[in-house]
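This report refers to the structure that appears directly beneath it.
Taken together, the values in this text are just the output of simple stated rules run on the coordinates, not laboratory data. Just so we're clear, the structure is a prediction, and the values are computed from it rather than from any experiment. For neighbour counting, all protein chains shown are included, and Cβ atoms are generated from backbone atoms with ideal geometry for every residue, glycine included.
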Ligand SMILES: Cc1ncc(COP(=O)(O)O)c(C=O)c1O
């Protein structure tokens, strides 16, 4: 390949000399050749089927939007695009919150934005920890000076409302309670309704991590009374990573407006970002213009599909996959599985890394490894956004079956696909009934 490229260049060089016979042309062309020869190959990432914990597959429509011409971030056209993006985000968050926008940065930036605006050094915060991301929220809150009381629960188990009530009783001055709706490290789905009521009865604010749920699992922000909620573009929204949608309730904004000290992070200060995303358009930082195009397109696709229909699609494909994985003898780790992420135990005697490597190299499929205590013991199979399809369920089941049989794992050939297909038929019948 390299050889062809070089000989191709050489023949063009000769041809040019023959045609022009001019030393000036020869010199400038040779310079151009030297500049081209960076020693780096052409960028050519492989096409993958993204069935890990994120990013998920990005549609051609969203990629097309990303490649649209860059315009100025204060151009009236871009301001309209920002406004429309906010309007669509409100629909997906199911909120009327004015302060709904996309933070420049990934999901972790959304986490920091929610925590650092609400928490002042010395404030008390309860953080629920049953996996990596609850642990990350605790760390972030401590870094912003919170006095953190954590509710620690076994990984893969949910937080019980009584635990939150008890913690609030022991910490009456608690300003906020942080909890993860969809714990990507374990696949545990956390119900929020009862916990939200308890938090509000105590006059605290509720901060929710919806990175792996927004756009895939029902999350009625206003109905639940969530005060600060953040997500990421690369999961159920099926947009590349790079923006963190957030929304703040009036109650949260009031708390922010009554802060005694400035928000500790300049970049994530909602009191300034509000003026940039609001009608005043006061310059704060240069918004990632093309990422906003991509997010806008992905949100438009969600609204075209219908939020409810999309949530049901995630549920259907999860049920199919679950039926197939269980027929293969794999067991689910979480007590209440997410529909967007399936965490299963790696069977005894099966080499976790070798299976994932073959999935990637032979089938182009990415799935996730276990984190923390589940390192080497879990597979995390995401079915999020554009990745949540019947085709992908079928593909990953047959690929896993092929690889595990090759490795000597005892299973009934075809059982997984048959179970998935039965689940599909049952769901179709139920939907038609
Ligand atoms: C539940 C949850 N919260 C937060 C994050 C952090 O998001 P990011 O990696 O986009 O910064 C992730 C990422 O996987 C996540 O799954």
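In terms of the mean number of neighbouring beta-carbon atoms within 10 Å, the peptides 392-404, 254-266, 111-123 order highest first as 111-123, 392-404, 254-266.
Spin-label model, residue 280/residue 265: points 7 Å from Cα along the beta carbon direction are separated by 2.1 nm.
Cβ-Cβ distance of residue 87 and residue 345, R₀ of 60 Å, FRET efficiency by 1/(1 + (r/R0)^6): the value works out to about 0.90. Contact order for the chain, expressed relative to its length and based on alpha carbon pairs under 8 Å spaced 6+ residues apart, stands at 21 percent. When the Gaussian network model of the chain links Cα atoms closer than 10 Å, the mean-square fluctuations of 161, 45, 69 top out at 45. Could you tell me which of rounded, prolate or oblate describes segment 113-192, using a ≥ b ≥ c as the square roots of the eigenvalues of the alpha-carbon gyration tensor, with rounded for a/c under 1.5 and, failing that, prolate when a/b is larger than b/c and oblate otherwise? Judged from the Cα gyration tensor, segment 113-192 comes out oblate (a/c at least 1.5, b/c at or above a/b). Sorted on the mean count of surrounding Cβ atoms within 10 Å across their residues, most packed first, peptides 51-59, 369-377 read 51-59, 369-377. A helix-only calculation puts the chain at -15000 deg cm²/dmol for mean residue ellipticity at 222 nm, using -39500 (n - 2.57) for each DSSP H run of at least four residues, averaged over all residues.
Applying the Kirkwood pairwise sum to the alpha-carbon positions of segment 306-432 produces a hydrodynamic radius of 14.8 angstrom.
Inter-part distance, segment 207-270 to segment 285-299, computed on C-alpha centroids, equals 17 Å. Between residue 377 and residue 430, the FRET efficiency from the beta-carbon distance, with R0 = 35 Å, is close to 0.55.
Taking packing as the residue-averaged number of other Cβ atoms within 10 angstrom, the listed peptides 305-318, 240-253, 188-201, 406-419 run from highest to lowest as 240-253, 188-201, 305-318, 406-419. In this label model, residue 251 and residue 218 are separated by 2.1 nm, measuring between points 7 Å along each Cα→Cβ vector. Multiplying the residue separation of residue 410 and residue 303 by 0.36 nm and subtracting their alpha-carbon distance yields 34.1 nm. Secondary structure note: in the chain, about 50% of the DSSP beta bridges are antiparallel.
With Cα atoms defining each centre, segment 124-171 and segment 378-410 are spaced 34 Å apart in the structure.
Classification of the chain by its C-alpha gyration tensor yields an oblate form. The axis ratio a/c (a ≥ b ≥ c) is 1.5 or more, and b/c is at least a/b.
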